[in-house]
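Right, one structure below, let's go through it.
All of the numbers you see were taken from the coordinates with simple rules; none came from a lab. Everything numeric here is computed off the predicted structure, so don't read it as measured data. Heads up, the Cβs are rebuilt from the backbone with ideal geometry, glycines too, and the neighbour counts pull from every protein chain shown.
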Amino acid sequence: MENLFGFLENNSIYIVLFIVLTIWAGIFTYMNSLDKRLKEIEIELKGDNK
Amino acid sequence: MIYKSILFVLMTLVIIAGFSLPIVPSPSVWYEIPNIPGLEEKAKIIFFHVPTAWLSVVAFLMAMIYGIKYLRKQNMDDDAKSNAALQLGMIFTILATVTGSIWAKFTWGAFWHWDPRETSIFILLLIYGSLFALRSAIENEDKRAKLSAVYSIIAFLTVPFFIFIMPRIMSGLHPGSANDDNLGPVVDFKMNGTMQIVFYTSLIAFTMFYYWMWKIGYKSIIIKDRLHKKII
């Protein structure tokens, strides 16, 4: 673990890389949950129309 | 679900490659990318900035296509699709402007130069910004959809000129301008195989992400309209 921290201290671009990957994972998860919620609303609306 | 998994993997790979592939004067191994004169380390912006500009063209094209569809069938769903594409097109045009401007500060020395590329994207922002002003000014939804469809068709006719023609026939600072000796890495394909793979993967991943956002966007507009009509 200390080797990893040492590597990251000398190659700080990889810290930025991990941050960007974390942000991407967050955006993806949020979009996915938004998509699911929207599908549920669509199903509910279709049910109401019948 | 497969679509989303592919998108997640592709975008993750593009981010990893975009940040970590080393730039060297003459690449000798597959993972090295060439140093492009005038761009140097900042050449990696290609993987993130160009797709945003590409998506603005795709989005405005889709807005026009669904505008034409609306005029033919008068289906409000087509207007919702056109509107969602317009919104995303505007977002990606702003992103292309901002990312390009940050890059310009460290390459040309200032955030804004009124270079032909910067000027053309600024005019596009004005053209499509006016469309949103027009949409919000009309209450009657049929009239709004009709005018918006016609506007998006006419507005798109200017896009190829402002994105592909004007910045290339005029002298400027942006890679690919008429006086650019390198002709720009994208125009002249000065990228090596690895760089091209990452670049095209980036274009595919961003386009897939755009499509997903567009679907969520137009579905939410349609649902909002239906709920609004139900309440009334």
(request) Compute the long axis of helix B:116-137 from its Cα atoms, compare it with the longest principal axis of the Cα atoms of chain B, and write down the angle in degrees, 0 to 90, nearest 10. (result) 20
(request) Work out the length of the dipole vector of the range B:97-216 about its Cα centre, built from +1 on the beta-carbon of each Lys and Arg and -1 on the beta-carbon of each Asp and Glu, and round it to the nearest 20 debye. (result) 260
(request) Note the per residue figure in Å³ for the convex hull of the C-alpha positions in chain A. (result) 50
(message) Working only with C-alpha atoms, what are the Rg and Dmax values of the protein assembly as shown, expressed in angstrom?
(response) 21.5, 68
(message) Cross-link candidates for B:Lys42: which lysines have Cα within less than 19 Å, leaving aside residues fewer than 8 places away along the same chain?
(response) B:Lys105, B:Lys190
(request) Taking every Cα atom in chain B, find the radius of gyration and the maximum pairwise distance Dmax, and write them in Å. (result) 19.8, 68
(request) Could you calculate the FRET efficiency of A:Lys36 with B:Glu41 from 1/(1 + (r/R0)^6), where r is the beta carbon distance between them and R0 is 45 Å, rounded to 0.05? (result) 0.65
(request) Holding the Cα-Cα limit at 18 Å, pick out from B:Lys73/B:Lys146; A:Lys36/B:Lys229; A:Lys36/B:Lys219; B:Lys73/B:Lys230 the pairs that are longer than that. (result) A:Lys36/B:Lys229; B:Lys73/B:Lys230
(request) Grab the other residues whose beta carbon is less than 13 angstrom from that of B:Trp103, score K and R as +1, D and E as -1, and report the net. (result) 0
(message) Contact order normalised by length for chain B, with contacts defined as Cα pairs under 8 Å and 6 or more residues apart; what percent is it?
(response) 26
(message) I want to check the label-to-label distance for B:Ile102 and B:Arg135. Put each point 7 Å from Cα in the C-beta direction and report it in nm to one decimal.
(response) 2.6
(message) Run the paramagnetic zone check for B:Asp225: 7 angstrom along Cα to Cβ, then residues of the range B:76-106 with backbone nitrogen under 13 Å.
(response) B:76-85
(request) Mind giving me the FRET efficiency for B:Ser171 and A:Asn10? R0 is 45 Å, r the Cβ-Cβ distance, nearest 0.05 is fine. (result) 0.60
(request) Calculate the mean, over all residues of peptide B:101-114, of how many other protein chain Cβ atoms lie within 10 angstrom of the residue's Cβ. (result) 0
(request) For the range B:51-57, just list the computed ³J(HN,Hα) in residue order, Karplus coefficients 6.51, -1.76 and 1.60, θ = phi - 60°, integers in Hz, with x standing in for Gly and Pro. (result) x, 5, 5, 4, 5, 5, 5
(request) Calculate I(q)/I(0) for the range B:119-229 by the Debye formula, one identical point scatterer on each C-alpha and no solvent, and give its log10 at q = 0.12, 0.21, 0.22 Å⁻¹ to two decimals. (result) -0.68, -1.22, -1.25
(message) Just want the answer: with Cβ charges of +1 for Lys and Arg and -1 for Asp and Glu, which residue in A:Ser33, B:Thr97, B:Pro160 is farthest toward the dipole's positive end in the protein assembly as shown?
(response) A:Ser33
(request) With θ set to phi - 60°, apply the Karplus curve 6.51 cos²θ - 1.76 cosθ + 1.60 along the range B:16-31 and write out the HN-Hα couplings as whole Hz, x wherever there is a Gly or Pro. (result) 4, 5, x, 8, 9, 5, x, 9, 10, x, 9, x, 10, 10, 4, 8
(request) Scan around B:His174 for amide H atoms under 5 Å from its own, H built in the peptide plane at 1.01 Å from N, and keep only partners 5 or more places away or cross-chain. (result) B:Arg117
(request) Please turn the phi angles of the range B:217-224 into ³J(HN,Hα) values with the Karplus equation 6.51 cos²θ - 1.76 cosθ + 1.60 (θ = phi - 60°), one per residue in order, whole Hz, x for glycine and proline. (result) x, 6, 5, 5, 5, 4, 4, 4
(message) Between B:Ile123 and B:Leu61, what is 0.36 nm times their sequence separation minus the Cα-Cα distance? Round to one decimal in nm.
(response) 20.6 nm
